[in-house]
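J.: Here it is, the structure, as C-alpha coordinates.
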Amino acid sequence: MRIEKQYISRDYVSRLNASPFFIVIDYRGLKVGPITELRKRLSKAGAEMRVVKNSLFRLAAKEAGVGDLGALGGQLAVVTGQRDISTAAKVIKTFSLESEKPKMRFGYLKNQRLEGADIMTLADLPSIEVLRARLLGVIMAPATKLATVINTPATQLVRVVKARMEGMEKPA
(Lines give C-alpha, C1' and ligand atoms only; values in the text may rest on other atoms or scores of the structure.)
Protein backbone atom coordinates (compact mmCIF):
# COMPACT_ATOMS: atom_id res chain seq x y z
CA MET A 1 0.00 0.00 0.00
CA ARG A 2 1.28 3.44 -0.88
CA ILE A 3 2.33 5.82 1.89
CA GLU A 4 -0.56 8.24 1.22
CA LYS A 5 -3.05 5.42 1.58
CA GLN A 6 -1.38 4.25 4.79
CA TYR A 7 -1.81 7.74 6.28
CA ILE A 8 -5.47 7.80 5.25
CA SER A 9 -6.01 4.32 6.67
CA ARG A 10 -4.37 5.31 9.97
CA ASP A 11 -6.62 8.36 10.13
CA TYR A 12 -9.70 6.15 9.67
CA VAL A 13 -8.48 3.74 12.37
CA SER A 14 -7.84 6.57 14.85
CA ARG A 15 -11.32 8.02 14.22
CA LEU A 16 -12.97 4.62 14.66
CA ASN A 17 -11.07 3.94 17.88
CA ALA A 18 -11.83 7.40 19.31
CA SER A 19 -15.59 7.16 18.74
CA PRO A 20 -18.04 4.81 20.50
CA PHE A 21 -20.08 4.61 17.28
CA PHE A 22 -20.00 5.21 13.57
CA ILE A 23 -22.73 5.48 10.96
CA VAL A 24 -22.12 4.76 7.27
CA ILE A 25 -24.26 6.86 4.94
CA ASP A 26 -24.64 6.91 1.18
CA TYR A 27 -24.44 10.54 0.09
CA ARG A 28 -24.94 9.87 -3.63
CA GLY A 29 -26.69 12.79 -5.33
CA LEU A 30 -25.88 15.41 -2.71
CA LYS A 31 -24.18 18.56 -3.91
CA VAL A 32 -21.45 20.41 -2.00
CA GLY A 33 -23.85 22.92 -0.42
CA PRO A 34 -26.12 20.34 1.24
CA ILE A 35 -23.12 18.26 2.36
CA THR A 36 -21.64 21.35 4.01
CA GLU A 37 -24.97 22.04 5.73
CA LEU A 38 -25.13 18.45 7.00
CA ARG A 39 -21.57 18.72 8.32
CA LYS A 40 -22.48 21.94 10.18
CA ARG A 41 -25.52 20.31 11.78
CA LEU A 42 -23.51 17.25 12.79
CA SER A 43 -20.80 19.46 14.24
CA LYS A 44 -23.39 21.19 16.46
CA ALA A 45 -24.49 17.72 17.61
CA GLY A 46 -20.92 16.72 18.51
CA ALA A 47 -20.32 14.51 15.48
CA GLU A 48 -18.43 14.78 12.22
CA MET A 49 -18.81 13.36 8.73
CA ARG A 50 -15.90 12.22 6.56
CA VAL A 51 -16.07 10.97 3.00
CA VAL A 52 -14.20 7.66 2.84
CA LYS A 53 -12.58 5.50 0.24
CA ASN A 54 -14.44 2.21 0.50
CA SER A 55 -11.52 -0.21 0.23
CA LEU A 56 -9.38 1.72 2.71
CA PHE A 57 -12.26 2.07 5.14
CA ARG A 58 -12.92 -1.67 5.01
CA LEU A 59 -9.26 -2.34 5.87
CA ALA A 60 -9.27 0.28 8.63
CA ALA A 61 -12.40 -1.24 10.18
CA LYS A 62 -10.72 -4.64 10.32
CA GLU A 63 -7.64 -3.08 11.88
CA ALA A 64 -9.77 -1.22 14.45
CA GLY A 65 -11.36 -4.50 15.51
CA VAL A 66 -14.82 -3.81 14.10
CA GLY A 67 -14.79 -6.84 11.86
CA ASP A 68 -15.63 -7.42 8.25
CA LEU A 69 -17.99 -4.79 6.84
CA GLY A 70 -18.77 -6.82 3.77
CA ALA A 71 -18.97 -5.29 0.33
CA LEU A 72 -18.98 -1.51 0.39
CA GLY A 73 -20.10 0.29 -2.71
CA GLY A 74 -21.25 3.70 -3.75
CA GLN A 75 -20.35 7.11 -2.43
CA LEU A 76 -19.97 6.58 1.29
CA ALA A 77 -19.29 8.87 4.22
CA VAL A 78 -18.77 7.93 7.85
CA VAL A 79 -20.23 9.84 10.79
CA THR A 80 -18.37 9.54 14.09
CA GLY A 81 -18.70 11.42 17.34
CA GLN A 82 -18.06 11.55 21.06
CA ARG A 83 -21.67 11.96 22.23
CA ASP A 84 -24.53 9.50 21.95
CA ILE A 85 -25.42 7.92 18.63
CA SER A 86 -29.08 8.97 18.83
CA THR A 87 -28.20 12.66 18.51
CA ALA A 88 -26.15 12.11 15.35
CA ALA A 89 -28.77 9.73 13.94
CA LYS A 90 -31.48 12.31 14.64
CA VAL A 91 -29.56 14.96 12.68
CA ILE A 92 -29.08 12.62 9.72
CA LYS A 93 -32.73 11.51 9.80
CA THR A 94 -34.00 15.10 9.91
CA PHE A 95 -31.69 16.10 7.06
CA SER A 96 -32.69 13.10 4.94
CA LEU A 97 -36.38 13.90 5.47
CA GLU A 98 -35.75 17.44 4.23
CA SER A 99 -33.71 16.50 1.15
CA GLU A 100 -34.47 12.76 0.71
CA LYS A 101 -30.72 12.16 0.89
CA PRO A 102 -28.44 10.77 2.37
CA LYS A 103 -29.46 7.20 3.08
CA MET A 104 -28.26 5.45 6.22
CA ARG A 105 -26.68 2.16 5.26
CA PHE A 106 -25.52 0.70 8.58
CA GLY A 107 -23.56 1.56 11.66
CA TYR A 108 -21.75 0.19 14.67
CA LEU A 109 -22.28 0.95 18.32
CA LYS A 110 -19.49 -0.44 20.50
CA ASN A 111 -18.63 -3.11 17.90
CA GLN A 112 -22.26 -4.21 17.47
CA ARG A 113 -23.62 -3.85 13.95
CA LEU A 114 -26.79 -1.81 13.48
CA GLU A 115 -28.75 -1.82 10.25
CA GLY A 116 -30.34 1.33 8.81
CA ALA A 117 -33.71 0.57 10.43
CA ASP A 118 -32.04 0.16 13.83
CA ILE A 119 -30.35 3.53 13.48
CA MET A 120 -33.67 5.13 12.50
CA THR A 121 -35.16 3.69 15.70
CA LEU A 122 -32.30 5.18 17.71
CA ALA A 123 -32.97 8.53 16.02
CA ASP A 124 -36.50 8.48 17.42
CA LEU A 125 -35.25 8.08 20.99
CA PRO A 126 -34.91 11.15 23.18
CA SER A 127 -31.43 12.38 23.99
CA ILE A 128 -29.46 10.85 26.87
CA GLU A 129 -30.08 13.96 29.00
CA VAL A 130 -33.87 13.62 28.61
CA LEU A 131 -33.70 9.90 29.41
CA ARG A 132 -31.68 10.64 32.57
CA ALA A 133 -34.21 13.26 33.67
CA ARG A 134 -37.08 10.82 33.13
CA LEU A 135 -35.26 8.13 35.08
CA LEU A 136 -34.62 10.54 37.93
CA GLY A 137 -38.33 11.45 37.94
CA VAL A 138 -39.28 7.78 38.15
CA ILE A 139 -36.82 7.22 41.00
CA MET A 140 -38.00 10.31 42.89
CA ALA A 141 -41.75 9.66 42.47
CA PRO A 142 -42.05 7.02 45.26
CA ALA A 143 -40.16 9.25 47.71
CA THR A 144 -42.42 12.20 46.90
CA LYS A 145 -45.54 10.07 47.34
CA LEU A 146 -44.21 8.68 50.62
CA ALA A 147 -43.61 12.18 51.96
CA THR A 148 -47.15 13.16 50.94
CA VAL A 149 -48.64 10.10 52.66
CA ILE A 150 -46.65 10.74 55.83
CA ASN A 151 -47.69 14.41 55.92
CA THR A 152 -51.39 13.77 55.13
CA PRO A 153 -52.53 12.65 58.62
CA ALA A 154 -50.80 15.61 60.27
CA THR A 155 -52.33 18.00 57.73
CA GLN A 156 -55.79 16.51 58.26
CA LEU A 157 -55.40 16.74 62.04
CA VAL A 158 -54.46 20.42 61.77
CA ARG A 159 -57.52 21.08 59.58
CA VAL A 160 -59.84 19.31 62.05
CA VAL A 161 -58.42 21.25 65.00
CA LYS A 162 -58.66 24.52 63.07
CA ALA A 163 -62.27 23.82 62.07
CA ARG A 164 -63.10 22.92 65.69
CA MET A 165 -61.50 26.13 66.96
CA GLU A 166 -63.39 28.20 64.39
CA GLY A 167 -66.60 26.44 65.40
CA MET A 168 -65.99 27.23 69.05
CA GLU A 169 -65.21 30.91 68.34
CA LYS A 170 -68.38 31.68 66.34
CA PRO A 171 -71.05 31.06 69.06
CA ALA A 172 -69.27 33.26 71.59
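J.: (1) modelled with pLDDT under 85; (2) loosely packed, with under 13 Cβ neighbours inside 10 Å: which one isn't true of Ala133, the others all being true?
T.: Every condition holds for Ala133 apart from (1).
Here's the yes/no breakdown for (1) more than 18 Å from Ser14 (Cα to Cα); (2) in the same structural domain as Lys44 (by TED's automatic domain parsing); (3) not β-branched (Val, Ile, Thr):
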{"residue": "Arg58", "(1), (2), (3)": "no, yes, yes"}
{"residue": "Glu63", "(1), (2), (3)": "no, yes, yes"}
{"residue": "Gly67", "(1), (2), (3)": "no, yes, yes"}
{"residue": "Ala77", "(1), (2), (3)": "no, yes, yes"}
{"residue": "Thr87", "(1), (2), (3)": "yes, yes, no"}
{"residue": "Ser96", "(1), (2), (3)": "yes, yes, yes"}
{"residue": "Arg105", "(1), (2), (3)": "yes, yes, yes"}
{"residue": "Asn111", "(1), (2), (3)": "no, yes, yes"}
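J.: Which of the residues belonging to the stretch 46-55 are within 15 Å of Gln82 (Cβ to Cβ) and buried (at least 20 other Cβ atoms within 10 Å of the Cβ)?
T.: Within the stretch 46-55, Ala47, Met49 qualify.
J.: Please count how many residues of the stretch 15-35 are in a helix (DSSP H, G or I) and either within 21 Å of the chain's Cα centre (by Cα) or loosely packed, with under 12 Cβ neighbours inside 10 Å (or both).
T.: 7
The values are calculated or read from the model by the stated rules, or taken from the named source; none is laboratory data. All figures in this text were calculated on a predicted structure; none of them were measured in a lab. A quick note on method: Cβ atoms are made from the backbone with ideal geometry, for glycine too, and the neighbour counts reach across all protein chains shown.
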